[in-house]
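**Student:** Please see the structure below; I have some questions.
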Amino acid sequence: MPVLRSIRERFERECPLDGVRVAACLHVTSETANLLRTLIAGGAQAQLCASNPLTTQDDVAAALVADGVGVHAVRGESADAYAAHVVALAARVPQITLDDGADLLSVLHAGEPSWSAALIGGTEETTTGLLRLRALQDEGRLRCPVLAVNEALTERSFNDRYGTGQSTLDGILRATNLLLAGRTIVVLGYGWTGKGVVLRARGAGASVIVCEVDPLRALEARMDGCEVMPALDAAQRGDVFITVTGGRAVLAREHFERMKDGAMLANAGHFDVEIAVDELAELATERRQVLPLVEQFEVGPQRRLNLLAQGRVVNLAAAEGHPAAVMDMSFANQALCVEHIALNGASLQARVLPVPPDIDREVARLKLRSLGVRIDELTAAQREYLTSWRS
Ligand SMILES: NC(=O)c1ccc[n+]([C@@H]2O[C@H](COP(=O)([O-])OP(=O)(O)OC[C@H]3O[C@@H](n4cnc5c(N)ncnc54)[C@H](O)[C@@H]3O)[C@@H](O)[C@H]2O)c1
């Protein structure tokens, strides 16, 4: 993660987070470990809990403990243990938070009022987290500024499109060893993430159907060369279904009833509510684990549907999430945003705020440098032309 490394080296010299209590609720992976080490290099006192009970890498958690980070996470922890771990972090009265799904900031807002007494600000890594935080803001209850890292350009373009696109298919392949060429893949949701999934699915030789509720995005999918249709129609056609909407019950009983024998169901959205697993279970006369990450539901005579990774986020539950090269940029954004909050938090409004464009540009600049890519600069005459109305 060369981008983060260069920030870490600067943090070691400048110590911009000296003594700041930072609490992070993120997937406990080796990439997150590099982010935490960068924050510690900047002087932060860091604590970490998981943002999903299934994605913790226990060896990484142990290594971070050895580095002096308080880690509250263990792979496969129960829902109660997961919730207790988030509360444990909140109870340490953090000054800056990092979230991936807004669980930590939600607890800080709903729990003991003294827990949020020292909050300067937070960052949010994912769309679903921002939805929740904006809802909190709309109720007038958001108590600190939150930088929408998920909406930084370097994040949108690289993390969601390339990172999730590739790793979602990687998760499906690891779980099933399916040949994608010649299959019909139905992607529900054509946002940044869905677009990445579609891009890679088509590259692997699949035909893609997109289901959308937003006319603009649906039109974009059509113009990008996909078939577009309602999910009920797509239900009869798909071999593999991938939900990536951020919504709930996008695939439900009425869809399961129409699906072909052998259809695969995977979710790449943040929460495990996009596929209505309870309705699938109600419909099933029998269910069996056919592969470690594939559960098969008998839903009619000679009709079996295969659910991957319990309907949890498949690129993390069945694979390793985004490749480090992508997380390098996301977490470089996170590190620079934490620094921005530490230095300017007091003057920021208690709202969900965009990542400052300078941070985005700096991340792109460092990434290009790490790739050995050089680019042109505007000449003085070009700059003048572009900033003047006279010529
Ligand atoms: N797996 C990962 O690593 C990963 C990475 C990034 C984002 N995410 C998650 O993926 C989800 C989508 O994120 P995004 O950034 O693409 O969001 P987005 O808002 O850009 O796109 C979501 C799209 O889904 C559409 N949609 C909503 N409900 C629908 C429905 N019932 N049927 C069909 N389409 C519907 C919306 O119109 C929208 O175009 C979120 O839950 C986000 O947290 C996961």
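The values are calculated or read from the model by the stated rules, or taken from the named source; none is laboratory data. What you see is a predicted model; the values in this text were computed from it and never measured. Counting neighbours? That spans all protein chains shown, and the Cβs are built from the backbone with ideal geometry, glycine included. To get the accessible areas, we keep the full protein, side chains included, count just its heavy atoms, and leave off ligands, DNA and RNA. Shrake-Rupley method; radii C 1.70, N 1.55, O 1.52, S 1.80 Å.
**Student:** Quick one: Debye curve from the C-alpha atoms of region 233-391, no solvent, what's log10 I(q)/I(0) at q = 0.12, 0.16 Å⁻¹?
**Tutor:** Each listed q corresponds, in turn, to -0.74, -0.92.
**Student:** Right, something else. Extent of region 268-328 along each principal axis, from alpha carbon coordinates, in Å, largest to smallest?
**Tutor:** Extents along the principal axes, in whole Å: 48, 22, 13.
**Student:** Which helices count as membrane-span-like in the chain under these terms: full DSSP H, at least 15 Å along the axis by C-alpha, Kyte-Doolittle mean of 1.0 or more?
**Tutor:** Details: long enough: 2-14 (18 Å, -1.20); 30-41 (16 Å, 0.48); 79-90 (17 Å, 1.25); 127-138 (16 Å, -0.07); 165-176 (17 Å, -0.05); 192-203 (17 Å, -0.14); 324-344 (28 Å, 0.81); 357-371 (21 Å, -0.56).
TM-like helix candidates: 79-90.
**Student:** Within the chain, what percent of beta bridges assigned by DSSP are antiparallel, to the nearest 5? The partial results should precede the final answer.
**Tutor:** Working: 11 of 51 bridges.
Around 20 percent antiparallel, to the nearest 5.
**Student:** For the full complex of protein chains and a 1.4 angstrom probe, list 195, 260 by accessible area with the highest value first. Intermediate results must be reported in sequence, preceding the final value.
**Tutor:** On the way: 195 45, 260 80 Å².
So, going from the largest accessible area down, we get 260, 195.
**Student:** Restricting things to Cα coordinates, could you compute the convex hull volume per residue of region 151-240 in Å³?
**Tutor:** Working: hull volume 8.0 nm³, N = 90.
Taking the convex hull of the Cα positions in region 151-240, it is 89 Å³ per residue.
**Student:** I would also like to ask the following. May I ask you to give the solvent-accessible area per residue for region 117-188, in square angstrom, as obtained with a 1.4 angstrom probe?
**Tutor:** Details: 2700 Å² over 72 residues.
That works out to 38 Å² per residue.
**Student:** Calculate the translational D of the chain in whole µm² s⁻¹ from Stokes-Einstein, where the hydrodynamic radius comes from the Kirkwood formula applied to all Cα pairs, the temperature is 10 °C and the viscosity 1.306 mPa s. Before the final figure, lay out each step's value.
**Tutor:** Numbers: Rh = 22.0 Å.
In µm²/s, the coefficient is 72.
**Student:** With a cap of 12 neighbouring Cβ atoms within 10 Å, and only residues DSSP puts in a loop, list the GluC sites (Glu not before Pro) found in region 132-231. Intermediate values should be presented prior to the final figure.
**Tutor:** Numbers: sites: 139, 151, 155, 212, 220, 227; in loops: 139, 212.
Counting only loop positions with at most 12 other Cβ atoms within 10 Å, the GluC sites (Glu not before Pro) in region 132-231 are 139.
**Student:** Kindly provide the pair-distance distribution of region 1-100 built from C-alpha pairs, with 10 Å bins from 0 and whole-percent values in order of increasing distance.
**Tutor:** With 10 Å bins starting at 0, P(r) equals 17, 49, 28, 5, 0.
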